[in-house]
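Worksheet: one structure, shown below.
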Amino acid sequence: MTNIRLTKPTIAVLEVLLSAAEDAPAWGLSICRDADLGPGTVYPILERLSERGWVTSREETGPHPGRPARRFYELTGAGRRQAAEALKARRERRFRLGLAGGAA
C-alpha cells in the first residue's frame, strides 16, 4: 500500500468515505454529491484509491428498479487507518503553519 497525494478533491472524497456508515456505504453519485465534486473528478480518485488498496468496491445486489445497479465504495481496514493518519498529519501540519482555520 502506497501513500496518495492529498489534493483538496482527494481529501473531500476520503472524508466522505470515512464518514460513511458500515451499513450504508457510499456509492459513486452520493460521493460526488457529498464531496461537492463532479464525476470526472471523483471516479479517477476512487480508481487511484482502489489501485493503492485503500478502497474496495462492489455492485449493488438488491433490487434497483428503473435505474442501474449502484457501485458501493468502502475503505479497507488499512485504507481507513492510512486515510485517518494522513488527514490527521495534514491537520497537524496546517496547524503548525497557522492554516488550521482555513478551508481544506
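Readers should treat all values here as calculations from the given coordinates under stated rules, not as data from a laboratory. Nothing here was measured: the structure is a model prediction, and the numbers come from that model. Here the Cβ is made from the backbone with ideal geometry for all residues, glycine too, and neighbour counts use every protein chain on show.
When the residues of the stretch 83-104 are filtered to those that are surrounded by fewer than 11 Cβ atoms within 10 Å (Cβ to Cβ) and of a type in the set (G, A, S), the one that is farthest from G28 (Cα to Cα) is G98.
A Cβ distance below 6 Å, combined with a sequence gap of six or more or placement on separate chains, defines the contacts here; from the stretch 50-79, residues that are more than 17 Å from P25 (Cβ to Cβ) reach no residue that is in a helix (DSSP H, G or I) and of a type in the set (V, I, T). Might you check whether a residue that is surrounded by 15 or more Cβ atoms within 10 Å (Cβ to Cβ), more than 11 Å from the chain's Cα centre (by Cα), under 15 Å from Q82 (Cα atoms) and of a type in the set (D, E, K, R) occurs anywhere in the stretch 37-58? Yes: one or more hits.
Within the stretch 8-30, the set of residues being within 24 Å of A89 (Cα to Cα), in contact with a strand residue (DSSP E or B) (Cβ under 8 Å, 6 or more places away or on another chain) and not in a helix (DSSP H, G or I) comprises A20 only. With the condition kept exactly as written, say whether any residue in the stretch 66-82 is within 14 Å of the chain's Cα centre (by Cα), part of a helix (DSSP H, G or I) and loosely packed, with under 12 Cβ neighbours inside 10 Å. Yes: one or more hits.
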